[in-house]
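As structure tokens, the structure follows; a few thoughts come after it.
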Amino acid sequence: MNCKCVPIDGNMLQEKALSLYALFKPPAEEGQPSDEKEFKASQGWLNSFRNRFNLKNVQTTGEAASANEKAAKAYTEQLKKIKKEKGYLPEQVFNADETGLFWKKMPNRTYISKSERQAPGFKAAKYCVTVLFCGNAAGHLINPGLLYRAANPRALKGKKKNLLPVFWQSNKKAWVTAVLFLDWFHKCFIPEVKWYLEEKGLDFKVLLIIDNAPGHLAALHFAHNNTEDVFLPHQYHLHPPTSRPRRDSLFQGHVHEAYILMDM
């Protein structure tokens, strides 16, 4: 943690060391090979630096929680039964889920002196967008949805948003509401899935697996005749990241892992 209470991780220390090295490195004489070994700021250097200055890596924030393993197993079997009875192929089974993306988020761990008991608190920046990913059990992903606070941010002034590689939406808090989710469902999900299944020569029938967020429940009630909506049980909705891979259907063998790290 630096004097501004900003968390510092190993990558930041290595980058700073490289920049200082480039600043103070004596210039090599023209035409003469340099005998000095190039500084790499390697992991070994970082370990030595930490030991030399008595630094330790600590968690700045976080909370512990455990997954409901029994419910997760029961729901997996229930979902398999639905697929078998209705004859859904992997290409027809889709899973959609939103996630917040803090594109200016600082590290949640930092280095402090071993003499310090804990890191001081700091207020993290909350520049957040909501990203909606949707994919099927065959590994196909449709264009992600992106929800931002501003309808026309300065960086996109004069740009046609329908040409972006995302389905652009906006509201003041970057939250997914029933209206926005239904808009994504009819204008993005249905057209793309219909085209995809036609290309595969398959019937346009879809099993869509989503969590039980209020906006989903209200939006998808009788939304389309060719889709069947299956909601994750209540305990699956507010789940910690540590237990999510076991419980979210994106990770249960029905749909391949579909989250993408986006470099904003």
Long-range neighbours under 9 Å by Cβ, at least six apart or interchain, first residue under 11 Å from ALA96 (Cα atoms) and open to solvent by less than 70 Å² (accessible area, probe 1.4 Å) within region 203-224, second at pLDDT below 65 and aromatic (Phe, Trp, Tyr): ASP211/TYR236
All positions within region 81-108 that are open to solvent by 80 Å² or more (accessible area, probe 1.4 Å) and either assigned to a loop (DSSP other than H, G, I, E, B) or modelled with pLDDT under 85 (or both): PHE102, TRP103, LYS104, LYS105
Which numbered condition LYS187 fails, given (1) open to solvent by 80 Å² or more (accessible area, probe 1.4 Å); (2) touching a Gly at 6+ places or on another chain (Cβ under 7 Å): (2)
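Residue by residue, here is whether (1) modelled with pLDDT under 90; (2) touching a strand residue (DSSP E or B) at 6+ places or on another chain (Cβ under 7 Å); (3) open to solvent by 20 Å² or more (accessible area, probe 1.4 Å); (4) in a loop (DSSP other than H, G, I, E, B) holds:
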{"position": "PRO191", "(1), (2), (3), (4)": "no, no, yes, no"}
{"position": "GLU199", "(1), (2), (3), (4)": "no, no, yes, no"}
{"position": "GLN235", "(1), (2), (3), (4)": "yes, no, yes, no"}
{"position": "THR242", "(1), (2), (3), (4)": "yes, no, yes, yes"}
{"position": "VAL255", "(1), (2), (3), (4)": "yes, yes, no, yes"}
{"position": "LEU261", "(1), (2), (3), (4)": "yes, no, yes, yes"}
Within region 125-144, tally of residues that are assigned to a loop (DSSP other than H, G, I, E, B) and in contact (Cβ under 8 Å) with a residue 40 or more places away in the chain: 7
Tabulated pairs, region 145-169, first within 13 Å of VAL131 (Cβ to Cβ) and open to solvent by 50 Å² or more (accessible area, probe 1.4 Å), second assigned to a loop (DSSP other than H, G, I, E, B) and modelled with pLDDT of 85 or more, C-beta under 7 angstrom, 6+ apart or interchain: PRO165/ASN143
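The values are calculated or read from the model by the stated rules, or taken from the named source; none is laboratory data. Worth saying up front: this structure is predicted, and the values here are computed from it rather than measured. Backbone-built Cβ (ideal geometry, glycine too); neighbour counts: all protein chains shown. These accessible areas exclude ligands, DNA and RNA; they are computed on the full protein's heavy atoms, side chains included. Shrake-Rupley method; radii C 1.70, N 1.55, O 1.52, S 1.80 Å.
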